[in-house]
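Bear in mind that the values in this text are calculations on the coordinates, not laboratory data. Note that the structure is a prediction, hence the values are computed from the model and not measured. All Cβ positions, even for glycine, are placed from backbone atoms using ideal geometry, and neighbour counts span all protein chains on display.
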Amino acid sequence: MLLGQVIGSYVGIATVGAFAVWYTHSSFLGIDLSADGHTQVSFSQLTNWGECSTWKDFKVSPFTAGSETLRFDNNPCDYFTTGKVKATTLSLSVLVAIEMFNSLNALSEDGSLLTMPPWVNPWLVLAVSTSFALHFLVLYIPFLANIFGIVPLSLNEWLLVLVVSLPVILIDEILKYIGRRMSEQERHSRKVKQERHSRKAKQA
């Protein structure tokens, strides 16, 4: 129960976080995100983008999204609507990656991936690989990308996806470790109680 709540919370934070990072940072943890030329805004501007029309001298530079260059000369506020295509793609990719990594965690309810690596279940590895392959197809085949309203990601943008997604494995490992320790303590406590009960029964 706790594991599901923590992982679910992280999924939400990670997907929204990737969206916000693209808008508000030119780099993140040493990963350069400025190559597409997009304009950074403050977190306050991002969360209050509906007031964009009242901002004085707000301007947005054009940026590349796949083979297209998005421009906002007529209405800079479109940067938060039609211009969110790259940020949305990052969020979707983070969601896909987290779910795939989290499926590896499901190999064992309380066992670590160090003792039960993914390849013990080749069908799961195949399923994860196929899911990633299908996601790549949707991203990098133009007519599919247009249908789903997403754009190709660069190598650095994929690094961002991985940096945001991979911690789900660490979180799960920590929670499993805590669960194992609690189970061991509970078993030890039961054993001690049983031994005491046995001693009392013998004395009686």
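Over the range 28-135, with a single point scatterer placed on each C-alpha, what log10 of the ratio I(q)/I(0) does the Debye formula yield at q = 0.22 1/Å? Here log10 of I(q) over I(0) equals -1.19. Classify the range 28-80 as rounded, prolate or oblate, taking a ≥ b ≥ c as the square roots of the eigenvalues of its Cα gyration tensor: rounded when a/c is under 1.5, otherwise prolate if a/b is larger than b/c and oblate if not. It comes out oblate by the Cα gyration axes. Residue by residue, the range 95-104 carries 3J(HN,Hα) couplings of 4, 4, 5, 4, 5, 5, 5, 5, 5, 5 Hz when phi is fed to the Karplus relation 6.51 cos²θ - 1.76 cosθ + 1.60 (θ = phi - 60°); x denotes Gly or Pro.
Only helices enter this figure: runs of n ≥ 4 DSSP H residues, each worth -39500 (n - 2.57), summed and divided by the residues of the chain, yield -20500 deg cm²/dmol at 222 nm to the nearest 500. Taking 0.36 nm per residue of separation and subtracting the current Cα-Cα distance, fully stretching the chain between Ala106 and Leu166 would add 20.1 nm. Relative to the longest principal axis of the Cα atoms of the chain, the long axis of helix 2-24 makes an angle of roughly 20 degrees. Each of Asn146 and Lys56 was given a label point 7 Å from its Cα along the Cα-to-Cβ line. The distance between the two points is 4.3 nm. Backbone N atoms of the range 19-43 closer than 17 Å to the 7 Å Cα→Cβ label point of Asn156 belong to residues 19-41. Listed from fewest to most Cβ neighbours within 10 Å, the set Trp123, Trp49 follows the order Trp123, Trp49.
When Lys193, Lys56, Lys84 are ordered from fewest to most other Cβ atoms inside 10 Å of their Cβ, what list results?
In order of increasing Cβ crowding within 10 Å: Lys56, Lys193, Lys84.
A Cα-only calculation for the chain places Rg and Dmax at 23.9, 92 Å. Partners of Lys193 within straight-line reach, counting lysines whose Cα lies under 23 Å from its Cα and excluding those fewer than 8 residues away in the same chain: Lys202. Extending 7 Å from Cα along the Cβ direction at Arg180 and again at Thr81 yields two label points whose distance is 5.3 nm. Footprinting exposure proxy ranking of His38, His135, fewest other C-beta atoms within 10 angstrom first, gives His135, His38.
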